[in-house]
Amino acid sequence: MPEAGRPHPDEAIEAKLARLPAKPGVYLFRDKDGQIIYIGKARSLRHRVRQYFQSSRNLNPRTLTMVAQVSDFEFVRTDSEVEALILESNLIKEHHPYFNVRLKDDKHYPYLRVDLNEPFPRVTIARSMKRDGALYFGPYTHSDAVRDTLRMVRRVFPFRICSDHKFRTVTRPCLDYHVRRCLGPCRDMVSGRDYKAMIKELCLFLEGRTQDITERLKRRMEEAAEALDFERAAELRDQLKAVEQIGEKQKIISTGMEDQDVVASSRHGDEASVQVFQIRGGRLVGRESFILSGAEDQTGPDIIGAFLKQFYAQASFIPQAVLVPEPVPEAELIEEWLSARRGEKVRLSQPKRGEKKGLVELAAENARVSMQERLAERAREQEQTGDALCELARGLGLEVPPKRIECFDISNFQGAEAVGSMVVFEDGRPKKEDYRRFKVRTVEGPNDFAMMAEVVGRRYRRGLREREEAAAAGAGEFARPKFAAMPDLIIVDGGKGQLSAAREALEGLGLGGIPTYGLAKENEWLFGVGRSDPIILPRGSEALFLVQRIRDEAHRFAVGYHRVVRKKRTFKSVLDEIPGLGPRRRTLLLRRFGSVAGLRRASLEEIKSVEGMPAPLAETIYARLRAEEGGGVQDER
């Protein structure tokens with residue numbers, strides 16, 4: 001690795017620097033292993049990228065460390081600086097480079113989705129926004145928050161929650177209709193027009209516009225009463241009360257009626273907490289807290305600038321104004337981008353006094369409190385986890401607490417579709433990027449012991465090979481190991497049989513020195529090598545809780561993969577022989593109908609409506625499935 005703190009343009013990089021255009025674009029820095037470690041944008045690629053490799057006097061320590069690791073770079077030209085900003089945000093979200101300030105786990109933030117193109121739309125939870133014509137609300141930082149919102153919405157708006165299949169096949173309204181939790185569109189109890197009107201009000205509610213909804217409901221309630229439709233007026237009255245009760249909880253925080261977000265941050269070490277106050281029509285309708293990593297040596301404006309680009313790239317709503325504590329870098333460019341997304345002017349401002357200044361200070365205080373709570377919670381977890389690891393080491397007779405623990409599990413159905421899982425815990429916490437899953441290749445029939453031996457052997461054989469390759473290349477251990485990292489403790493899900501199989505595989509590879517134990521499900525006993533009696537960790541102990549958590553995670557990971565494999569195999573086995581139906585269209589059918597059973601229930605028109613499905617092929621699929629169904633073929637699912 002080049003010496004840290006010193007720009008080091010070698011000949012290859014010098015040649016690339018000479019070819020850089022003085023045009024806007026995005027640049028990507030890679031390390032010696034080809035990993036992307038930083039992504040940036042520039043008004044002039046030539047000017048910006050060259051700055052990194054000239055004088056080091058104006059570079060902060062983190063940037064110097066990053067530049068010292070750059071072995072190569074590439075760039076993408078764009079037509080404008082706004083396009084570069086959008087591309088930069090998308091690439092950071094995709095690659096999560098180490099030296100970028102980045103939203104932590106942003107790909108997991110849930111949304112509420114409403115597809116107004118459906119005849120009778122539902123409200124569903126989605127894990128990502130797609131360009132499918134539907135409306136998305138969010139993102140929410142916690143799944144609990146989105147589910148609470150969904151429950152609250154159901155109290156006020158009686159939309160259907162049944163699946164599309166059930167909606168098409170039901171013969172009478174369900175209980176939700178009778179308790180007034182659904183308008184009963186499945187049996188034509190409500191017109192499409194009235195149902196859509198209710199859904200539009202629901203969307204206003206999700207945008208935080210409770211005042212608009214109450215005015216509409218009052219007007220419709222009065223119209224129903226004047227028309228002597230007292231039953232309908234009573235329903236609207238109850239709905240109005242529910243909306244008003246929720247609206248009362250939304251604090252009036254601004255005398256202005258415009259929509260605005262208030263953003264502030266607080267940093268500690270490598271992480272930053274960012275608070276977003278969502279104000280709609282003068283009311284505080286939501287508050288979300290986000291965590292960013294890679295914030296070391298970054299100023300508050302830099303952190304907020306990076307956050308704005310990533311957050312609003314995936315936000316479902318762009319407000320008229322965004323209030324921040326201090327001017328952020330590239331403020332005009334961000335304003336231009338947000339205005340294009342909203343379709344009208346968006347202001348990015350830093351209030352100096354008055355009501356708006358108070359809002360920014362309130363958001364900043366909340367960010368500080370959120371960061372303090374995170375640090376306190378982390379300290380408690382570390383103390384608790386440290387105690388659990390020490391207790392586990394004592395129980396197993398280990399010299400030191402295990403830093404890295406790997407756990408294996410096998411999942412199959414009477415020997416069919418057998419898969420294995422490996423989960424990794426470091427310092428008592430799951431390290432999900434190191435999780436691995438395996439398809440069992442060499443074992444036929446229900447033989448869990450042989451399956452365990454194969455999976456364990458493949459994992460550590462690959463690890464030894466990676467270490468040899470790294471040593472031959474003169475690089476030592478990989479900077480970002482995949483299989484090269486070795487554990488301090490191995491746990492296999494099962495008793496003495498699984499343990500013996502795993503130990504045999506390890507000893508055959510010369511890794512018999514790694515402590516290995518089998519965890520039996522029935523009594524939660526640990527079995528070790530050369531011990532006739534099990535190790536019984538005390539009930540209620542932190543060590544036992546940790547072991548159970550690791551085993552349960554391995555089981556969850558294995559079972560989830562087994563279901564995927566089994567579902568795909570079942571789907572493909574029925575459709576493999578249909579001419580013209582390739583892997584891509586099979587995948588599209590699986591996504592649309594979920595299973596062979598779902599596809600069999602589909603009409604010809606529904607099959608034709610699948611993206612890219614030719615009409616003749618749809619007719620062939622429909623006819624083939626009907627022919628098999630008539631011949632008594634059972635669904636394999």
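What follows is calculated from the coordinates using simple rules that are stated; it is not laboratory data. For clarity, every value in this text was computed on a predicted model and none was experimentally measured. Ideal geometry is used to build each Cβ from the backbone, glycine not excepted, and the neighbour counts take in all protein chains shown.
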| query | Once the Cβ-Cβ distance between I514 and V179 is put in as r, and R0 is 51 Å, what FRET efficiency do you end up with, to the nearest 0.05? | reply | 0.30
| field | Contour excess over end-to-end distance, with Cα ends at S603 and M486 and 0.36 nm allotted per residue | value | 36.8 nm
| field | In nm, spacing of pseudo-spin labels at E235 and T587 (7 Å Cα→C-beta vector) | value | 4.4
| task | Compute the distance in nm between two label points, each set 7 Å from the Cα along the Cα-to-Cβ direction, one at D387 and one at R353. | result | 5.4
| remark: Rounded to the nearest whole number, the Stokes-Einstein translational diffusion coefficient of the chain at 37 °C and 0.692 mPa s (Kirkwood radius, C-alpha pairs) in µm²/s is 112
| Taking the Cα-to-Cβ direction at H165 and at K521 and moving 7 Å from each Cα, how far apart do the two end points lie in nm? | 2.7
| request: Would you please give the residues with an amide H less than 5 Å from that of I491, counting only those at least 5 places away or on a separate chain, with H modeled from the backbone geometry? | output: E406, C407, F408, Y517
| query | Can you sort S421, S266, S609 by how many other beta carbons sit within 10 Å, fewest first? | reply | S609, S266, S421
| field | Of every Cα-Cα pair in the stretch 11-100, the percent that sits beyond 19 Å | value | 37
| request: Evaluate the relative contact order of the stretch 576-630 (contact order divided by residue number), counting alpha-carbon pairs under 8 angstrom at least 6 apart; express in whole percent. | output: 35
| the stretch 370-498: relative contact order in percent, alpha carbon pairs under 8 Å with at least 6 residues between | 24
| field | Given K482/K521; K196/K218; K104/K356; K93/K432; K104/K352; K41/K482, the pairs whose alpha carbons are separated by over 22 Å | value | K482/K521; K104/K356; K104/K352; K41/K482
| query | Under a 5 Å amide H to amide H cut-off, with H placed in plane at 1.01 Å, what residues pair with K32 once short-range neighbours are removed? | reply | S71
| query | Got the relative contact order for the stretch 260-372 handy, in percent, Cα pairs under 8 Å and 6 or more residues apart? | reply | 32
| Computed lengthening from S191 to V400, 0.36 nm per intervening residue step minus Cα-Cα distance | 68.3 nm
| Sparse-neighbourhood loop sites, trypsin sites (Lys or Arg not before Pro) in the stretch 139-225 - DSSP loop, at most 12 other Cβ within 10 angstrom | R180
| How high is the FRET efficiency from T620 to R341, r the C-beta distance, R0 41 Å, rounded to 0.05? | 0.40
| task | Can you tell me the FRET efficiency between L228 and R155 if r is taken as the Cβ-Cβ distance and R0 is 22 Å, rounded to the nearest 0.05? | result | 0.20
